[in-house]
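Undergrad: Can you read through this structure? Questions will come right after.
The values are calculated or read from the model by the stated rules, or taken from the named source; none is laboratory data. From a predicted model like this one, the values you see are computed outputs, not experimental measurements. Reconstructed Cβ throughout: ideal geometry from the backbone, glycine too, with neighbour counts over all protein chains shown. Just the protein is used for accessible areas: all its heavy atoms, side chains included, with ligands, DNA and RNA removed. Shrake-Rupley method; radii C 1.70, N 1.55, O 1.52, S 1.80 Å.
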Amino acid sequence: KNLIDSINEDTVMEGTKKTEAPVRRLFQMGGVTKWTFPFSIVSKFLNSLGSNASLDEKSIKKYWPTLARPRRSDYLVMTKAAATSLNDVEDDYGLRINELSNFTDFQRALEEVGRQTSKRQRLSLHTEIARPWQLSVLNDFDESDRSIFGGKLQALWPYAEKASTSGTSLTIIYPDLFVKLGLEDEERVKMEDVNETQSRRWDEVPQSKKLGPIAASLPLAKVMGAIVTPHLHSGVTHVLCEMKRHKSLAWSSTLPRNVFTDPTAGSRLRERLLSLEESATFDRRSHKDVLLVTPEWLEEKWGENQRKSK
């Protein structure tokens with residue numbers, strides 16, 4: 001599938017290189033068919049021979065060429081050209097437009113309906129999961145009702161039952177996973193949250209970081225009530241990073257760069273945090289205190305609340 005999707009069909013078909021011959025043949029066939037397709041061709045051919053025993057040449061290509069034309073349901077993967085040609089003779093469920101359908105065709109169409117319905121449900125579920133639950137709570141519930149989402153293990157969810165929430169500050173965590181630090185303006189990030197179920201920035205995380213300790217601790221941070229953002233913006237309260245001898249440190253412009261395990265990443269973070277401080281001063285607004293934390297800090301928080309909940 002990746003091969004068919006990534007190659008320009010016209011370029012391949014016009015090419016003459018011998019090394020590309022297998023790919024050209026694949027596009028000539030219209031894609032990859034299921035093993036049941038050639039099996040059904042031979043089966044129908046043998047059945048047809050019974051009523052045409054007098055034929056001197058037993059040839060599917062010569063006497064039964066329609067048997068070798070795959071239908072939509074016969075493909076595992078189709079090229080765009082094959083899909084376009086089938087649109088002229090079949091509907092979206094594989095039923096022939098200008099022919100009467102038999103029982104087998106109807107069964108296949110029902111199976112295709114089930115597959116498409118299941119795919120839409122999975123996509124819908126993914127969309128719902130991708131949107132942080134904290135944002136849904138903030139949009140759909142009054143401040144006085146938000147405490148019902150704060151269980152004993154939600155140490156980073158600020159709305160506690162029977163506690164004053166006046167001036168409550170959400171925990172917004174930026175994980176040090178990106179080469180570029182994203183947007184600085186919190187309001188622009190909020191607009192992205194409204195317009196997209198999941199930021200495209202997450203696709204920019206290097207493969208080497210996807211399996212690291214920072215990425216592995218993000219689900220825990222979300223469960224504990226924090227909002228995880230892919231932008232180091234003016235509303236961030238915590239930066240999740242790796243440090244040498246500390247599990248948490250209050251950010252200060254006087255902090256040396258050698259506190260970070262990765263000095264290059266530490267320099268990027270320092271420059272952005274300094275920029276956010278300067279912007280807050282220039283705009284005459286208060287700058288939020290930022291806490292540098294490690295995955296171990298999150299694990300400790302989780303452990304503390306587990307012990308308290310027993």
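Undergrad: Helix 36-49 against the longest principal axis of the chain: what's the angle in degrees, Cα atoms only, rounded to the nearest 10?
TA: 10
Undergrad: If you fit an axis through the alpha-carbon atoms of helix 263-282 and take the longest principal axis of the Cα set of the chain, what angle between them do you get, 0 to 90°, nearest 10?
TA: The angle comes out near 60 degrees.
Undergrad: So if I restrict to the alpha-carbon atoms in the stretch 226-310, what is the Rg, and what is Dmax, the biggest pairwise distance, in Å?
TA: Using the Cα atoms of the stretch 226-310, the pair Rg, Dmax is 14.3, 48 Å.
Undergrad: Among the aspartates and glutamates, which have Cα under 16 Å from the Cα of K190 when same-chain residues fewer than 8 positions away are ignored?
TA: Partners found: D140.
Undergrad: Using Cα atoms only, what is the angle between the long axis of helix 186-195 and the major principal axis of the chain, expressed in degrees (0 to 90) to the nearest 10?
TA: 30
Undergrad: For every other residue with a beta carbon closer than 15 angstrom to the beta carbon of P256, add +1 if it is Lys or Arg and -1 if Asp or Glu, then tell me the sum.
TA: On the way: positive: K244, R245, R257, R270; negative: D262, E271.
Local charge sum for P256: +2.
Undergrad: Pairs of Cα atoms under 8 Å, at least six residues apart: use those to get the relative contact order of the stretch 208-310, whole percent.
TA: It comes to 37 percent, rounded to a whole number.
Undergrad: Tell me the per residue accessible area of the chain using a 1.4 Å probe; a whole number in Å² is fine.
TA: Per residue, the chain has 65 Å² of solvent-accessible surface.
Undergrad: Percent of accessible area on the chain owned by carbon and sulfur, 1.4 Å probe? Walk me through the numbers before you get to the answer.
TA: Numbers: 10410 of 20000 Å².
Using a 1.4 Å probe with all protein chains present, the chain comes out at 52 percent carbon and sulfur.
Undergrad: Still on this structure, I have one more. Among bridges DSSP assigns within the chain, what percent are antiparallel (round to 5)?
TA: Values: 8 of 16 bridges.
Percent antiparallel among DSSP bridges in the chain is about 50.
Undergrad: Counting only residues 5 or more places away or on other chains, whose amide H sits under 5 Å from the amide H of V239 once H atoms are built in the peptide plane?
TA: Y174, L291, L292, V293
Undergrad: Same structure, new question: Show me 280-286, 39-45 ranked by packing, highest mean number of other Cβ atoms within 10 Å first.
TA: Packing proxy ranking, top to bottom: 39-45, 280-286.
Undergrad: If you project the alpha carbons of the chain onto their three principal axes, what span does each projection cover, largest first, in Å?
TA: Principal extents (largest minus smallest coordinate, Cα): 95, 50, 38 Å.
Undergrad: Let me ask something else about it. When the helix-only estimate is applied to the chain (DSSP H runs of n ≥ 4, each -39,500 (n - 2.57), divided by the residue count), what is the mean residue ellipticity at 222 nm, nearest 500 deg cm²/dmol? Working shown, then result.
TA: Values: 13 runs with 141 residues, N = 310.
Calculated mean residue ellipticity at 222 nm is -13500 deg cm²/dmol.
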